[in-house]
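The values are calculated or read from the model by the stated rules, or taken from the named source; none is laboratory data. Just so you know, these numbers come straight off a predicted model, no measurement behind them. Positions of Cβ are generated from backbone atoms using ideal geometry, with glycine treated the same way; all protein chains shown enter the neighbour counts. Heavy atoms of the whole protein, side chains included, go into the accessibility calculation; ligands, DNA and RNA do not. Shrake-Rupley method; radii C 1.70, N 1.55, O 1.52, S 1.80 Å.
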Amino acid sequence: MKKIFTAAYSIEEANEIGHFIMSKGYEGVQNDSYRYCDLAIETAFRNNKVHHRDCIYVGVGYDSMIVARTKRGLRRKGMKFIEKKRKFYELLDKHWSCEKRRY
């Protein structure tokens, strides 16, 4: 599955998910290293704190990592929400192994 995302309730948790995504070969938020990903995560948490929300959403598009403040925008883009982190990791592992075998 290429277009999936999950919720992160702290900066540390979002960084863990982000590093896992980057380790699977996906690009960063702006097709760059993890520097901009870290900045996007911190900005999203800061903006959500103003609106009294306690989580952000981190996921994978076709070829890059996505960080969003709301679930609604990602759902409109046709992405699927995976509630369990373990399942999210398993789907990325399975997809990565399929991509690796194809080439």
Charges on Cβ only, +1 for Lys and Arg, -1 for Asp and Glu, centred on the Cα centroid of the chain; of MET22, ILE4, ASN48, which one is farthest towards the dipole's positive end?
ILE4
Counting other C-beta atoms within 10 Å, and keeping those with at most 15, which DSSP coil GluC sites (Glu not before Pro) do you find in the range 1-102?
GLU83
Running a GNM on the chain with Cα contacts under 10 Å, which residue among GLY73, GLY61, GLY28 ends up with the highest mean-square fluctuation?
GLY73
Which entry is the computed semi-axes √(5λ) of the Cα gyration tensor in Å for this structure: (i) 31, 16, 12; (ii) 22, 14, 12; (iii) 19, 16, 14?
(ii)
So how exposed is TYR9, as accessible area in Å² (1.4 Å probe, rounded to 10)?
130 Å²
For the range 38-80, listing trypsin sites (Lys or Arg not before Pro) in a DSSP loop whose Cβ sees at most 15 other Cβ atoms within 10 Å gives ARG53, LYS77
Using protein chains only and a probe of 1.4 angstrom, how many square angstrom of ASP93 are accessible, to the nearest 10?
70 Å²
For HIS52, HIS19, the accessible-area ranking with a 1.4 Å probe, largest leading, is HIS52, HIS19
Heavy-atom accessible area per residue of the chain, all protein chains kept, 1.4 Å probe, expressed in Å², is 63 Å²
Per the helix-only calculation at 222 nm, which mean residue ellipticity applies to the chain, given -39500 (n - 2.57) for every DSSP H run of n ≥ 4 and division by its residues, nearest 500 deg cm²/dmol?
-17000 deg cm²/dmol
Amide proton proximity set for ILE66, modelled H, under 5 Å, gap of 5+
GLY59, VAL60, GLY61
